[in-house]
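Asker: First the structure, then my questions, so here it is.
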Amino acid sequence: MLIIEIPSLLCTLFLLYYLFSDRTLRLALHNHVIMILLVLTLVYELIAMPLYLNYFRTATIWPSLPGICLMMWMIGFGCYNTCTILVAWASIERHILVFYHRLLTTRIQRIFIHYLPLVAILTYTTVFYVKVILFSNCENRFNYSLELCGANPCYQTDPFLAMWDVLLNGVIPTFVIGLFSLILLRRVIQQKRTVGCRLEWKRYRKLTLQLLSVASLHFFFDFPLTLVRFVQLTGHRGWAIEIESVFFFTSYFVLLLQPFVTLNSIPNIGKKFKKLMSRQRRSTAIPLTNTKTNRRVAIAPIA
């Protein structure tokens, strides 16, 4: 996993730098969800992933402190589910950006249709997970020899909160991602047959591919895990518990792969990144003259 973590972190930093430094990209409405997702991914990669990797190496959570477990739960459940809900909203909003963009022509329209939902989602998930994890009415138990300290915050023993979390923060957003992405794809294909302007069609295609690439990643990784958790809540815990750990492990790759998927969905940034990487590869070979043989030897950098 470390092989993916380091390139993913570099890609995340690269994307954030160019998205925030380029005024056109920064102000583009369709990039705002992407930028928030990348910030959450950066938090995940800088804080949570080192702790996960250390656990996979030592089979122990270290430092073995309650605060570390709470932080891992906040990031593991809070950041992850926030990303899922944001992608679900982006799947809906992309219909507006592609087919009803005139609804976003005024500042008031942009505030209520674009910015307010983003603020509402971030506020809701922050308040919910801070309350149920950091200020819960029950006592959390931490097992430092298990992944994510047992991955069982005590609020999950409350039937109402557990069902709320799985349905509203997992199952429904995942279903929305799949449904609205398919509808968007169908509408764009139909629109291609009727739109005469080539530039307009290229705009539709660009906005659609950007969403579908990110949405597909979340849907195919999130759907199995959310389905298993929902089955557990219905009382069929036997077989679901056995395979949950497998799907839980694969869910780590969602945020790690997200920067690469995003990179491919933004052509201009992708070209810059490829140029940077090719320049970096060329600089890894430093010519050094051997005084005895007078040959030029390529010295690889020390890892």
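Asker: Considering only region 117-161, state which residues are farther than 19 Å from Cys69 by Cα and among the aliphatic types (A, V, I, L, M).
Answerer: As a first pass, look at region 117-161 and keep what is farther than 19 Å from Cys69 by Cα: 117-124, 158-161.
Once the filter is applied, which keeps residues that are farther than 19 Å from Cys69 by Cα and among the aliphatic types (A, V, I, L, M), region 117-161 yields Leu118, Val119, Ala120, Ile121, Leu122, Leu161.
Asker: Please verify whether region 152-163 includes one or more residues that are among the aliphatic types (A, V, I, L, M), more than 19 Å from Asp222 (Cα to Cα), surrounded by 14 or more Cβ atoms within 10 Å (Cβ to Cβ) and more than 23 Å from the chain's Cα centre (by Cα). Steps first, answer last, please.
Answerer: Quick first cut of region 152-163, residues among the aliphatic types (A, V, I, L, M) only: 161-163.
Next, from what is left, pick out any that are more than 19 Å from Asp222 (Cα to Cα): 161.
Still in the running and surrounded by 14 or more Cβ atoms within 10 Å (Cβ to Cβ): 161.
Pick out the ones that are also more than 23 Å from the chain's Cα centre (by Cα) and you get 161.
Yes, region 152-163 has at least one match.
Asker: Now, a different point. Going by the structure shown, is Tyr144 in contact with a Cys (Cβ under 7 Å, 6 or more places away or on another chain), within 24 Å of Tyr52 (Cα to Cα), surrounded by 15 or more Cβ atoms within 10 Å (Cβ to Cβ) and at pLDDT below 95? Step through it out loud before you land on a result.
Answerer: Values: in contact with a Cys (Cβ under 7 Å, 6 or more places away or on another chain): no; within 24 Å of Tyr52 (Cα to Cα): yes; surrounded by 15 or more Cβ atoms within 10 Å (Cβ to Cβ): yes; at pLDDT below 95: yes.
No: the conditions fail for Tyr144.
Asker: Then there's this: If Ser145 satisfies all but one of (1) touching a Ser or Thr at 6+ places or on another chain (Cβ under 8 Å); (2) under 23 Å from Gly170 (Cβ atoms); (3) among the polar types (S, T, N, Q), what's the number of the condition it fails?
Answerer: (2)
Asker: Out of region 93-124, which residues are outside any helix (DSSP H, G or I) and not aromatic (Phe, Trp, Tyr)?
Answerer: Restricting attention to region 93-124, the residues satisfying the condition of being outside any helix (DSSP H, G or I) are 100, 105-106.
Across region 93-124, the qualifying residues are Thr105, Thr106.
Asker: Also, quick follow-up: Criterion first (closer than 18 Å to Ser265 by Cα and assigned to a helix (DSSP H, G or I)) does Cys79 satisfy it? Write out each step before concluding.
Answerer: Values: closer than 18 Å to Ser265 by Cα: no; assigned to a helix (DSSP H, G or I): yes.
So Cys79 fails the test.
The values are calculated or read from the model by the stated rules, or taken from the named source; none is laboratory data. As the structure is a prediction and not an experimental result, all values here were calculated from the model. Glycine also receives a Cβ, built like all others from the backbone with ideal geometry; neighbour counts cover every protein chain displayed.
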